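For reference, the structure is listed below as structure tokens.
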Amino acid sequence: MTTPLPTTELAHDAEEPVRDARGARPGRATWRAFRKLPLGVASLVVLALLVLVTVAAPLLAPYPASFGPDVLLPPGAGHPFGTDSLGRDVLSQVVWGTQQSVLVAVAASAIAIVVGTLVAVVGAYVPRIDAVVSMVVDLTLSLPVLPLMILVAALAGPSTSTVILVVAAFSWPEVTRLVRSQALTVVKLPYVDAARLMTRRHAWIIGRHVVPAVTPVIVVSVVVTASRAVLSAAGLAFLGLGDPTTWSWGRILYEAQTSGAMGSAWWLTLFPSLAILLLVLSATLVSISYDDARKPRGAGR
Amino acid sequence: MSIALFVARRLGRGVVTILFAVTVTFLLLRLLPGDPALAVASPNTTDEAREALLVQYGLDRPLIVQYVLYLGQLLQGDLGTSFTQSVPVVDVLLERLPWTLLLTVTALVLTVLIGIPLGVLAASREHTFLDRAVQVVGVTGQSLFVPSIGILLLLVFGLGLGWFPIGGAAGDNVYGAAWYGSVVAHLVLPAVSLTLIQLGSYVLTMRGTLIDALGADHVTLARANGLPYRRILWKHALRNALLPATTLIGLQLGFVVGGAVLTETVFAYPGIGRGIYEAVTQLDFPVLQGAFLLLAVTVVVVNMLTDIAYGFLDPRVKAS
């Protein structure tokens, strides 16, 4: 996750003050501080477990059958999470739903991060582009995004790629907003001026000197964007705009609602809800702990 | 900057934002594969009949002409006709708008009423157990999925304990004073769900800005003068911390409206959000685009009013 820091003389000097007493790279120092935060480490473990479930879904549970003999069984020996109104195993749905939800979150936030960072950094570097960028970002962020996502998803037709693209399309402005404010201060620093004297290859300056300097903000926004993406995708699926051929946490809730079994079978809604909460909460805690870990010692809370 | 210029600027920005929303909607409708003529026609419509439909909807003209026509229609309050109900979309939506406004405004008022004291409590006891507890609740609140919390409240307080009705906005065959009682009873669970999901970020912002305000020079001076802590907290620090919190309410409005869509779906609350859910199942595109535009205009207007109120409250705007 941590991009290697620039090793040129110029960047070297600029990074110097951030080094800690032992002279380690800032990334190392942050990791050492992060390891001492129990909540952050626990959240990181939870995230790792969810990724493991994503990869190992076929080993953990069979793909949910289209129907089964035992309808609306409460959680018990054969079905730890119970069964739904068509007799399908809820555990299988949640396990396979993890795969879909994590996939959508990773794909959507990856697109949003790349586009958002690129737009922010180029904007900060070229003032003329920045005027347009900041206007588009402000305008998009002041609109009700979920109704807009619903309109697009309905027009494009529900599928996994639609959900990923729609969530990404309306998540990048938030990334740009976060990264841009940091990038604007970075491009005014003397070492960027020095780099401009050395070369006219602006892409090189941006990639080598500006992007590494905003990396911490990017790391935080990866986590924030991914957890927002989980919530948005689940929201779309809950309204019936998810991929109808794949299980996701939102679809389990949607089917519980439309089948009318929601009122009598609490296990249909509890387990996917807990899964969503677990993922989003641990992602949020990781980003908070990362922020805490980056603070110089003594200033931390 | 004089206050008149400030107000004029905010008005201008509001108009630009609405125009942006309209343009995005127009482009989406024309460029995405949900061809309106295809959507109304059944698969066995002949090509000639499709052509006729295209001409009837003006879809054979250049894009820019269509755009101008679209703007003209919107200015006349024409959002098209609902595919499924064959009535103007405006009528469908305006009938639902009051319920959505009632729900979101109640939730906003509850958020502020609960959020300010909680934020003050946490900030004034920084680093204590109480502060930690408020922070944990705040972070957890930010991570909630709206339907999850709605369904939980519905199962516990609606179906389990039977304290509140489980769906709709008012009882049938209830009139007079009893009708208002019924409306309030139906409002409780949706409003609480919507409050819970935005309370977290409000409390955390309130706490953060108040801690900053408590470190400001004028607060230190007030302390040095021996003013009672309570008075410094509520009068000197809170007043400055309230302004960023007010802006946050405006900024989060778009998010709250999204939450309202999901909440209304869970509770079958007859607002615009439930309308969107029903329009999705029937692929009623005119209702979907109308709902988005109406919600966007509402959010922009409310945001503009908050900003203008901010301008009158904050003396720095007039001074600068």
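Here the simple spin-label model places points 7 Å from the Cα toward Cβ, and for A:Asp70 and B:Ala4 these points are separated by 7.8 nm.
Contact order for chain A, expressed relative to its length and based on alpha carbon pairs under 8 Å spaced 6+ residues apart, stands at 26 percent. Whole-Hz Karplus values for the range B:214-221 come out as 5, x, 6, 4, 5, 6, 4, 4 Hz, taken residue by residue from phi with 6.51 cos²θ - 1.76 cosθ + 1.60 and θ = phi - 60°; glycine and proline positions read x.
Per-residue shielding of A:136-143, expressed as the average number of other chain Cβ atoms within 10 Å of the residue Cβ, stands at 6. The simple Förster model, with R0 at 51 Å and r as the Cβ-Cβ distance, assigns A:Asp291 and B:Arg50 a FRET efficiency of 0.35. Placing a label point 7 Å from the Cα of B:Thr23 along the Cα-to-Cβ line, the residues of the range B:74-93 whose backbone N sits under 20 Å from it are B:74-76.
Count Lys and Arg as plus one, Asp and Glu as minus one, and take only other residues whose Cβ is under 15 Å from that of A:Val94; the net charge is then -1. Note on A:232-240: average number of Cβ atoms from other chains within 10 Å of each residue's Cβ is 4. Here the spin labels are modelled as points 7 Å beyond Cα on the Cα-Cβ line, and at B:Phe157 and B:Arg239 they lie 3.6 nm apart.
Note on A:Leu52/B:Leu31: beta-carbon distance plugged into 1/(1 + (r/R0)^6) with R0 of 56 Å gives a FRET efficiency of 0.90. Averaging 1/r across all pairs of distinct Cα atoms in the range B:211-320 and inverting the result yields a Kirkwood radius of 17.1 Å. Here each label is just a point 7 Å from Cα along the line to Cβ, and for A:Ser264 and B:Thr128 those points are 5.0 nm apart.
Packing, as the average of other Cβ atoms within 10 Å across residues, places the peptides A:258-270, A:88-100 in the order A:88-100, A:258-270, highest first. Using 0.36 nm per residue and subtracting the Cα-Cα separation, the extra length available between A:Ser181 and A:Leu39 on full extension is 48.3 nm. Length gained on full extension, B:Leu75 to B:Val87, computed as 0.36 nm times the residue gap minus the Cα-Cα distance: 2.5 nm. Take every pair of alpha-carbon atoms less than 8 Å apart whose residues are at least six positions apart; their mean separation over the length of the range A:89-222 yields a relative contact order of 34 percent. Along the range B:196-210 the Karplus relation, 6.51 cos²θ - 1.76 cosθ + 1.60 evaluated at θ = phi - 60°, assigns HN-Hα couplings of 4, 6, 9, 4, x, 5, 5, 4, 5, 5, 4, 4, x, 5, 5 Hz to successive residues, with x for each Gly and Pro. For the range A:148-162, backbone phi angles converted through the Karplus equation (6.51, -1.76, 1.60; θ = phi - 60°) give residue-by-residue couplings of 5, 4, 4, 4, 5, 4, 5, 5, 7, x, x, 7, 4, 5, 4 Hz, Gly and Pro being listed as x. Taking all Cα-Cα distances within chain A, those exceeding 33 Å account for 36%. The Cα atoms of the protein assembly as shown cover 72, 65, 56 Å along the three principal axes, with the biggest extent listed first.
Stokes-Einstein diffusion for chain B at 37 °C, viscosity 0.692 mPa s, with a Kirkwood radius from C-alpha pairs, works out to 144 µm²/s.
Once backbone amide H atoms are built at 1.01 Å from N, B:Thr81 has B:Val89 as its partners under 5 Å, excluding neighbours fewer than 5 places away on the same chain. Principal axis extents of the C-alpha atoms in the range A:78-156 (largest first, rounded to whole Å): 63, 23, 20. Relative contact order, whole percent, for the range A:223-287 stands at 39, derived from Cα pairs under 8 Å and 6 or more residues apart.
Every read-out reported here was derived from the displayed coordinates using simple, explicitly stated rules and does not represent laboratory data. Keep in mind that this is a model prediction, so the values were computed, not measured. For neighbour counting, all protein chains shown are included, and Cβ atoms are generated from backbone atoms with ideal geometry for every residue, glycine included.
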